[in-house]
Amino acid sequence: MRIVSLLPSATEILFALGLDREVVGVSHECDFPPRARTKPVVIHSRLPYGASPAEIDRLVSEYVHRGESLYAVDTEVLEALAPDLIVTQNLCHVCAASPDDLATALARFERRPGVLCLNPQDLGDVWRDILWVGEESGRGHQAEALLEQIGAHLGALERQLPLSADRPRAAFLEWLQPFYVGGHWVPEMIQVAGGEDVLGKVRTPSFRVHLQDIVEAEPEILFIAPCGYSARQARDEYLSIDLPEQWNAMPAVRNGRVYALEANSYFSRPGPRLITGIEALAELFDPGIPVSAEAETAIQPIAAEARSARAGSI
C-alpha cells in the first residue's frame, strides 16, 4: 500500500505501526520521526515563513474570512506518488490540510485513492483513530498492540497519582498573541494528570480569551504551549511579551509555577505521544511522581527572574 499523510499526527501513527516504507508522501509539517523528513512533501502552507504570532493570527483570520485555504497541494507530486490511501483531517483548518484542500487535486486522478479523514475531539477519539488508521492500512494487530501499550503506560501513571480531591488549578495557553486556551483533548490531559483546567473545555475547539480572563481565573499553574512551538520557542515568546503588573499577581506567576511546554511534540498533535504530555503534566502537578526522561524534556520552567532580566535587556 502507498500512503500519503497530510497531517503530522497521522504520520506519527503510521510510523509507529511500522509503515515507514509504505508512507510515500507527507506534509511540510511532518517532522517526526526524523525519517519522515526524507519523504516527498505534497502540501505547503501559504503563510509566510518567519511571520510573527500576531501576523499569523491576522493572516489566518483573513484567509478564513475569505473562505480560502491555508494550504496548497502540489498536485503533480501527489499524482506521481500514486497513493492508495491519503490520510487527512477535518478538525482544524489552521493546523493541517482538510478534505477541501484535496478536492481539486483528486478530480484529475484516473484512479481515485481512498481518503481517511480524522476528526478527534478528545483522548478517546485519538486512541480510536490509531485503531482506525491500523484497520485502513492493514496493520490492525499492530494498532491494537500500540493501544495496549499506551493503556498500560497510562494505567501505571494513574496509579501513582494522589487520591486527594484538591486538584491544582491550571491554565493552558495555546497561543499568546492574542491569547487562546487549549481545547479538545488538552483539558482532558490536564484532568487525567491530576489537575483542573480553569479555562479550557473538553471536546471544544481552542478559543480566544482576554488577559483579564486569565488573571481572574487565578491559575496556580500556567502552561505556555503555543501550537506548533518547541518549549524553547514558547519560553522565548512568553518572555518577550510586555505584560501588566496584574499578571505578576496571579498565583502561578507569583509562586514561580509558569512552564513552557514542548507543544509541537506532546500536546498539539493528537497521536501516540500525548501520553508523554500527560506524564509531563503529572510531574508538574506532583513533582514526586517518577516520569520518563522524554517527559522531562517536554518542560522548561520560566522563573519570574528571567522575565525581569529579559525586560532589563530590551
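The values are calculated or read from the model by the stated rules, or taken from the named source; none is laboratory data. Keep in mind it's a predicted model, so treat the numbers as computed, not measured. Here Cβ is always computed from backbone atoms with ideal geometry, including for glycine, and neighbour counts include all displayed protein chains. To get the accessible areas, we keep the full protein, side chains included, count just its heavy atoms, and leave off ligands, DNA and RNA. Shrake-Rupley method; radii C 1.70, N 1.55, O 1.52, S 1.80 Å.
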Quiz item: For the chain, modelled as a GNM with alpha-carbon contacts under 10 angstrom, which of Arg203, Arg254, Arg108 fluctuates the most?
Solution: Arg108
Exercise. Please go through region 6-37 and write out the trypsin sites (Lys or Arg not before Pro) that DSSP classes as loop and that have at most 16 other C-beta atoms within 10 Å.
Key: Arg21
Quiz item: Once the Cα gyration tensor of the chain is found, what semi-axes does its equivalent ellipsoid get, as square roots of 5 times the eigenvalues, in whole Å, sorted largest first?
Solution: 34, 24, 16
Quiz prompt | Within the accessible area of the chain (1.4 Å probe), percent carbon and sulfur | solution = 50 percent
Quiz prompt | Ordering of 119-125, 11-17 by packing [mean C-beta count within 10 Å, highest first] | solution = 11-17, 119-125
Practice problem: Read phi for every residue in region 199-216 and hand back ³J(HN,Hα) as whole Hz from Karplus 6.51 cos²θ - 1.76 cosθ + 1.60, θ = phi - 60°, with x for Gly and Pro. | Solution: 10, x, 10, 4, 6, 10, x, 3, 9, 7, 10, 8, 3, 5, 4, 5, 4, 5
Quiz prompt | Helix 140-160 vs. the chain, principal-axis angle (Cα, 0 to 90°, nearest 10) | solution = 10 degrees
Self-check item: Mean-position separation - Cα centroids, region 28-71 and region 99-126, in angstrom
Solution: 17 Å
Exercise. From largest accessible area down, sort Trp127, Trp247, Trp132; use a 1.4 Å probe on the protein chains.
Key: Trp132, Trp127, Trp247
Quiz item: Which of Ser61, Ser5, Gln142 sits closest to the plus end of the dipole of the chain, meaning its Cα is farthest towards the positive end, when Lys and Arg get +1 and Asp and Glu get -1 on the C-beta?
Solution: Ser5
Quiz item: Under the rule of -39500 (n - 2.57) per DSSP H run of 4 or more residues, summed and divided by the residues of the chain, what mean residue ellipticity at 222 nm is obtained, to the nearest 500 deg cm²/dmol?
Solution: -12000 deg cm²/dmol
Practice problem: Subtract the Cα-Cα distance of Arg35 and Gln177 from 0.36 nm times their separation in residues, and report this length gain in nm to one decimal. | Solution: 47.9 nm
Quiz prompt | For region 148-305, radius of gyration divided by Kirkwood radius, i.e. Rg to Rh on alpha-carbons | solution = 0.94
Self-check item: Cα-based helix-to-principal-axis angle, 231-240 vs the chain, degrees rounded to 10
Solution: 50 degrees
Practice problem: Mind checking the full-extension length gain between Ala145 and Arg128? Use 0.36 nm per residue of separation minus the Cα-Cα distance, one decimal, nm. | Solution: 4.8 nm
Exercise. Could you run the Karplus curve 6.51 cos²θ - 1.76 cosθ + 1.60 with θ = phi - 60° over region 191-197 and give me ³J(HN,Hα) per residue in whole Hz, x for Gly and Pro?
Key: 5, 4, 7, x, x, 10, 7
Quiz prompt | Degrees separating the helix 53-66 axis from the principal Cα axis of the chain, which is the longest one | solution = 50 degrees
Quiz item: Under a 1.4 Å probe, what is the accessible area of region 36-162 per residue, stated in Å²?
Solution: 54 Å²
Exercise. Would you give the gap between the C-alpha center of region 129-207 and the C-alpha center of region 236-274, rounded to a whole Å?
Key: 17 Å
Quiz prompt | Calculated P(r) tail over 22 Å for region 54-199, as whole % of Cα pairs | solution = 59 percent
Practice problem: Rounded to whole Hz and in sequence order, give me ³J(HN,Hα) for region 244-249 from the Karplus expression 6.51 cos²θ - 1.76 cosθ + 1.60, θ = phi - 60°, writing x for Gly and Pro. | Solution: x, 4, 4, 4, 5, 7
Self-check item: Fully extended contour minus Cα-Cα distance, from Glu68 to Ala51, at 0.36 nm per residue
Solution: 4.3 nm
